[in-house]
2 protein chains.
Amino acid sequence: MKSTEIPTRERIVVAASKLFYSEGIRAVSVDAVAEQAGLTKRTLYYHFASKDDLVAAYLEARDQPNLKLFQRWFADAEGTLADKVRSIFHNLARSARHPRWKGCGFLRTAAELANMPGHPAVKLGIAHKKRVEAWLAASFEAEGIHSSKVLARQVILLLDGSFAVVLLNRDASYMETAGEAAAVLVEAAMAFSKPETAP
Amino acid sequence: MKSTEIPTRERIVVAASKLFYSEGIRAVSVDAVAEQAGLTKRTLYYHFASKDDLVAAYLEARDQPNLKLFQRWFADAEGTLADKVRSIFHNLARSARHPRWKGCGFLRTAAELANMPGHPAVKLGIAHKKRVEAWLAASFEAEGIHSSKVLARQVILLLDGSFAVVLLNRDASYMETAGEAAAVLVEAAMAFSKPETAP
DNA sequence: TCCATTACACTCACTAGTCAGTATACATGA
DNA sequence: TCATGTATACTGACTAGTGAGTGTAATGGA
């Protein structure tokens, strides 16, 4: 019987993710997480040393799935490199129109914990964004773009910008605008890199 | 004597601004604000109906000064339109290197109150960003840029993106990168608009 | 008299984290 | 085969403190 059950620790992380993402870190009590997970607070504290630990686990669980989603959107898109980048923003806009969408969990956590820069959750956020940026840079590099690292940063800025803006005004069309801007920047970077490969 | 004193309400807003901006909304208690302002909680509640009211007042007080700062940075910069836009980001980067800098108060508040989209503070944030965007659009329009509204949105996206990114990783150089991206977008928009005005 | 303010005690709900103890499973040694 | 030991997973009740917001009586100044 045990083998088919979802491990308790995982159940706690799932419950925490749901609540922390939809309500915010400080707005959600440890009691609420325990109740959502269907167990007592004491059991939760058996698996996690503190609320901060739980917050870290929540973000850790979001890291890879998030990255893989971006990678799939990018890979599945047809057309030029600019089209592939635009596709990330377009898919993001689709997610953002969902009523339960509440921006980027990493950025929101960083905003909420802005007064504790060394917090493990903040460090996880930095690591996550760095991973996305590095993947983008590698993808641009593979296409022969010279300024691949700068371009990756610029796309990240537009990506996180659209997270912030759309979270504020709830108008997902900003994400399409960000996608267009990203496409312009990609084209500009390609125009700057391509001439040497043409003749 | 009264005429030279700072009004109590204003003192409360100043105290609230300092604490809310540096610690976050939920992390700061009403008691803490009262203490910072040098008066009792009861007096604070004489001037403000609730903590939410106080939060709204904090953001309301930030609206005009923030906008005026951007406008001054833009106006004081020399060179092309792209240079003027770049200057905003450059000046922002300078601010961001200050240890007390903690991102954009409007965005951080929106992130913290993501679970209450109708909150007055969130509405003030939306209004503030709209004002900045409208001012940018008007400035671009004045320079004969056809896509002035789209360009203004793109610059806002980069602006808020750099707030989010730099708040997370504390690397203000991202703001310079955002400034370069904005300059590229401005140049692209100008190249698209200028030809008709030449002959 | 009225406005602004204080002191301070108070409510009531909530918060992170802890205490002491239980149920089960599995292994050890006699 | 049966007592004993031990590690894992779990629980209800509790502590000590904080949260927003209120009630009330009293004070000083215009």
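Values as computed for the structure displayed
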quantity	calculated
Test set (1) in contact (Cβ under 8 Å) with a residue 24 or more places away in the chain; (2) within 13 Å of DNA strand D (Cβ to nearest atom); (3) touching a helix residue (DSSP H, G or I) at 6+ places or on another chain (Cβ under 6 Å) - B:Ile88 fails condition number	(2)
Qualifying residues in the range B:74-130 (those that are in contact with a Leu (Cβ under 8 Å, 6 or more places away or on another chain) and aromatic (Phe, Trp, Tyr)) - the one farthest from the other protein chains (Cβ to nearest Cβ)	B:Phe89
Test set (1) surrounded by fewer than 18 Cβ atoms within 10 Å (Cβ to Cβ); (2) within 14 Å of chain A (Cβ to nearest Cβ) - B:Ile25 fails condition number	(1)
The range A:42-65, residues that are surrounded by 15 or more Cβ atoms within 10 Å (Cβ to Cβ), within 16 Å of A:Ala121 (Cα to Cα) and not acidic (Asp, Glu)	A:Phe48, A:Lys51, A:Leu54, A:Val55, A:Ala56, A:Ala57, A:Tyr58, A:Leu59, A:Ala61, A:Arg62
Count of residues meeting criterion [away from every other protein chain (no Cβ under 14 Å) and within 15 Å of DNA strand D (Cβ to nearest atom)] in the range A:28-67	22
Flag if A:Glu133 is out of contact with any Gly (no Cβ under 6 Å at 6 or more places or on another chain) and not in a helix (DSSP H, G or I)	no
Given (1) open to solvent by 40 Å² or more (accessible area, probe 1.4 Å); (2) in contact with an Asp or Glu (Cβ under 9 Å, 6 or more places away or on another chain), number of the condition A:Ala111 does not satisfy	(1)
Residue tally, condition open to solvent by 10 Å² or more (accessible area, probe 1.4 Å) and closer than 19 Å to A:Lys102 by Cα, over the range B:123-140	4
Residue match in the range B:141-163 (condition: assigned to a helix (DSSP H, G or I), within 8 Å of chain A (Cβ to nearest Cβ), among the acidic types (Asp, Glu) and closer than 20 Å to B:Lys68 by Cα)	yes
Evaluation of B:Lys18 against (1) within 13 Å of DNA strand D (Cβ to nearest atom); (2) closer than 25 Å to B:Pro117 by Cα; (3) within 14 Å of chain A (Cβ to nearest Cβ) (one fails), failing number	(1)
Among (1) more than 11 Å from DNA strand C (Cβ to nearest atom); (2) in contact with a helix residue (DSSP H, G or I) (Cβ under 9 Å, 6 or more places away or on another chain); (3) closer than 21 Å to B:Val165 by Cα, the one test that A:Pro65 misses	(2)
Filtered residue count, the range A:141-176, keeping only those that are over 26 Å from A:Ala96 (Cα atoms) and either among the aliphatic types (A, V, I, L, M) or open to solvent by less than 20 Å² (accessible area, probe 1.4 Å) (or both)	4
Considering residues of the range B:3-22 that are open to solvent by less than 40 Å² (accessible area, probe 1.4 Å) and β-branched (Val, Ile, Thr) only, the residue nearest to DNA strand C (Cβ to nearest atom)	B:Ile12
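Listed here are the residues, each with its yes/no results for (1) of a type in the set (Gly, Ala, Ser); (2) open to solvent by 60 Å² or more (accessible area, probe 1.4 Å); (3) in the same structural domain as B:Ala142 (by TED's automatic domain parsing).
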site	(1), (2), (3)
B:Ala32	yes, no, no
B:Ala37	yes, no, no
B:Thr40	no, yes, no
B:Leu67	no, no, yes
B:Asp76	no, yes, yes
B:Arg86	no, yes, yes
B:Leu92	no, no, yes
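The values are calculated or read from the model by the stated rules, or taken from the named source; none is laboratory data. Every value quoted in this text rests on a predicted model; they were computed, and no experiment measured them. So basically every Cβ, Gly included, is an ideal-geometry build from the backbone, and we count neighbours across all protein chains shown. Surface areas here come from the heavy atoms of the whole protein model, side chains and all, with no ligands, DNA or RNA. Shrake-Rupley method; radii C 1.70, N 1.55, O 1.52, S 1.80 Å.
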